[in-house]
Structures are given as C-alpha cells and as structure tokens.
1. When the accessible area of region 103-173 is computed with all protein chains present and a 1.4 Å probe, what percentage of it is carbon and sulfur?
2. Provide the percentage of antiparallel DSSP beta bridges, counting only those with both residues in region 95-232; round to the nearest 5.
3. Stretched out fully, how many nm does the piece from K206 to D57 gain, at 0.36 nm a residue minus the Cα gap?
4. What is the calculated FRET efficiency for F187 to I132, with r their C-beta to C-beta distance and R₀ = 25 Å, to the nearest 0.05?
5. Using Kirkwood radius over Cα pairs in Å as the read-out, say which of (1) 19.5; (2) 17.5; (3) 21.4 was calculated from these coordinates.
6. Have a look at A118, A225, T105 and report the one farthest towards the positive end of the charge dipole of the chain, computed about the Cα centre with Cβ charges (Lys/Arg +1, Asp/Glu -1).
7. Around V188, under 11 Å between beta carbons, what's the net of Lys plus Arg minus Asp minus Glu among the other residues?
8. If you filter region 113-204 for trypsin sites (Lys or Arg not before Pro), then keep DSSP loop positions with at most 14 other Cβ within 10 Å, what is left?
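The values are calculated or read from the model by the stated rules, or taken from the named source; none is laboratory data. What you see is a predicted model; the values in this text were computed from it and never measured. As a convention, Cβ positions derive from the backbone with ideal geometry for all residues, glycine included, and neighbour counts pool all protein chains shown. To get the accessible areas, we keep the full protein, side chains included, count just its heavy atoms, and leave off ligands, DNA and RNA. Shrake-Rupley method; radii C 1.70, N 1.55, O 1.52, S 1.80 Å.
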Amino acid sequence: RETIMGKSDYERNTVSASGQTDDYDIVRIVDQGAPRSVLFVGNSITRHKPKPEIGWDHDWGMAASCEENDYVHVAVRLIEQKLGPVNYCTACCGEWERHYWEDETRLSDWKAARDFAADIVVIRIGENVWGIRDKLNEYPFRPHYERMVRYFASAPRAKVIITDLFWEDFGINEDIRRTAQENGYAFVHLGDLGARDRDEYKAIGKFWHGGVAIHPNDEGMRLIAGRIAEKI
C-alpha cells in the first residue's frame, strides 16, 4: 500500500499518463442520432481502462464508483436536460499530454474525434504535463495547447469549454486561462475542488493505490460535470 501523506498531489498521482487506454480505443463515440453532439477531450479523469496492478478494474473516469457517475456521463445527462438527446464522444489524450509539443505527429492519432465535428467541445486536460514539466521552458505550453483546442473544435461554429487543472496548478493554468480569454472560449475553474485541503472530493480511502485514490470521487465528478453544464 502506498503512503500518500506529505506529498504534492502530482507526486501522489502515480497513475501513468501512458497506456490509459488501448491504442485502438482512444476515441469512443455514442451516436444516438441526435441533432447535437458533444466531445470530451481528457485523460484518466475522463476514462481509464482496467489496470488491476494499481487496483483499478473498470473502464470509465477514474475513480468514479460506476460509469454513470463519472463526469462525462453526469455532464451528458445534465446537458440533455437542457438540449435534449445528444451524441457524445470521448477522446483520451494522456499521450498528447506526454508529447504535447509533437503536434503534427500526435494530434492525427485522434482524427476520429476531430471528424466527429462536435457542436460543443469540452477540453479537460493538462495534469499529466507535470510529469514532463522540464520541457515547458524548451517548448512553451500555450501555443501547443491552443493548436490542440483548434484541432478538436473543427466544426465551423463549435462552442468550446475549457477547464483548468483539477489538482492545484504547477504552472500552466495561466496558459489555459489566457487561451480561453483571448479566443472567446468558456472557462471553467476546477482547481478549488482538487486543492490539497479538499480531499472530500477525492476517492481517498476508496482505493489502496494512492494515484487512483486522489482522482475525483463521485461528488468530485458531479461537481466537475455541473460546472461544465452550467456553461452550456
């Protein structure tokens, strides 16, 4: 069992950004024949395949208790209350976080999500950049982040919602906020939910693996989804 006390949340998050989904399954689409569509671009908080060696046996947003309680599925229900049925897609981009500066070679991996041409694009990503934060001086984050957002917001009138990091900022939240402000994207603040003194929104005590346990619990997922839905 891992000891997680006395560490930053990024040190506690020992869930690898690599291999969060299988290469053939990084994009999932639920097509209900609806008139509107929503794309969720994210990392393990959006979806993580089963990984028994870290005590994670499921295939939905880590560490929700069930698929229906992860933020994607809660957000879809809230959005449908406002707009009626929607098609939705998840793009699992943990590998983009690890190689964010390799735009041309990496973004094409998620072409299916781009071609989904969503009316609403939710960008909720960035935490795993901490693991390669030494690259930030060499490769400034913001231009690559902006390019990634534009790549997924391919529909002519796509509405974009971007969030800051769930865990407390390590230096890229300002890039995310400025991207929203200067491009007219809706911005959602989440950092207060994942602050060090807010473990009531994390799955602490629900999983033996510390990296899994600091992911949002059901209440954290519900609040993430609610804040996203409020912007729509």
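1. Numbers: 1450 of 3170 Å².
Exposed carbon and sulfur together represent 46 percent of the surface.
2. Numbers: 1 of 9 bridges.
Restricted to region 95-232, the bridges split so that about 10 percent are antiparallel.
3. Numbers: separation 149, 0.36 × 149 = 53.64 nm, distance 1.29 nm.
The span from K206 to D57 would gain 52.4 nm if fully extended.
4. That gives a FRET efficiency of 0.55.
5. Looking at Kirkwood radius over Cα pairs in Å for this model, the match is (2).
6. A118
7. Values: positive: R124, R177, R227, K231; negative: D164, E230.
Summing Lys and Arg as +1 and Asp and Glu as -1 gives +2.
8. Numbers: sites: R114, R124, R133, K135, R147, R150, R157, K159, R177, R178, R196, R198, K202; in loops: R157, R196, R198.
Sites meeting the loop and neighbour criteria: R157, R196, R198.
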